[in-house]
Structures are given as structure tokens and as C-alpha cells.
Amino acid sequence: MNDQSQTSTPADAQASRVELAQRAFKEFSAQCFWSYRADAEIGEEEIPWVIRELRHYGGAKGYRAVTELCR
């Protein structure tokens with residue numbers, strides 16, 4: 001039996017990653033992204049940059065956020 005609530009499409013995964021990156025950008029704005037506009041749009045193209053900044057300035061909590069983004 002195939003449970004459709006458990007299936008995830010590539011588009012769903014991409015949207016989830018973008019959502020995680022947007023949340024991380026807001027959560028770590030003062031620590032990692034202070035020199036960027038607070039209303040900057042975070043899309044799929046910005047995810048590598050968000051990951052890089054979190055790894056560099058986010059500390060242990062930033063690394064946990066990166067782990068979620070890299071799943």
C-alpha cells in the first residue's frame with residue numbers, strides 16, 4: 001500500500017529547502033546576515049550563500065541549521 005502523504009516530489013523538497021533557508025536568514029540575521037537587507041528575497045539560488053554564511057558565522061546552532069538545509 002502506497003501512502004501518498006509520505007511521498008515527496010522534487011518540487012516539494014525544493015520548496016522546503018527554500019523555506020528553511022528563509023527561516024534561517026531571519027533567525028540568524030543579526031549574527032550572520034547583518035550587512036544584508038532584512039527584506040532580501042531568499043530563493044533556491046541563495047541557498048549555497050546562506051549555508052556558507054551559517055557555517056562561517058552561525059556557531060553550533062548555525063551548523064544545525066545547515067544540517068537541515070543539506071538533507
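The values are calculated or read from the model by the stated rules, or taken from the named source; none is laboratory data. In this text, all values refer to a predicted model and were calculated from it rather than measured experimentally. Neighbour counts run over all protein chains shown; Cβ positions are idealised from the backbone, glycine included.
Scanning the range 37-70 for residues that are aliphatic (A, V, I, L, M) and assigned to a helix (DSSP H, G or I), we see that the one that is farthest from the chain's Cα centre (by Cα) is Ala60. The set of residues in the range 18-57 that are of a type in the set (Lys, Arg) and modelled with pLDDT of 95 or more comprises Arg23, Lys26, Arg52, Arg55. Taking interchain pairs and intrachain pairs at least six residues apart, which have beta carbon atoms under 6 angstrom, with the first residue in the range 18-36 and touching a residue at least 60 places away in the same chain (Cβ under 8 Å) and surrounded by 20 or more Cβ atoms within 10 Å (Cβ to Cβ) and the second outside any loop (DSSP other than H, G, I, E, B) and among the hydroxyl-bearing types (Ser, Thr, Tyr)? So the pair list comes out empty.
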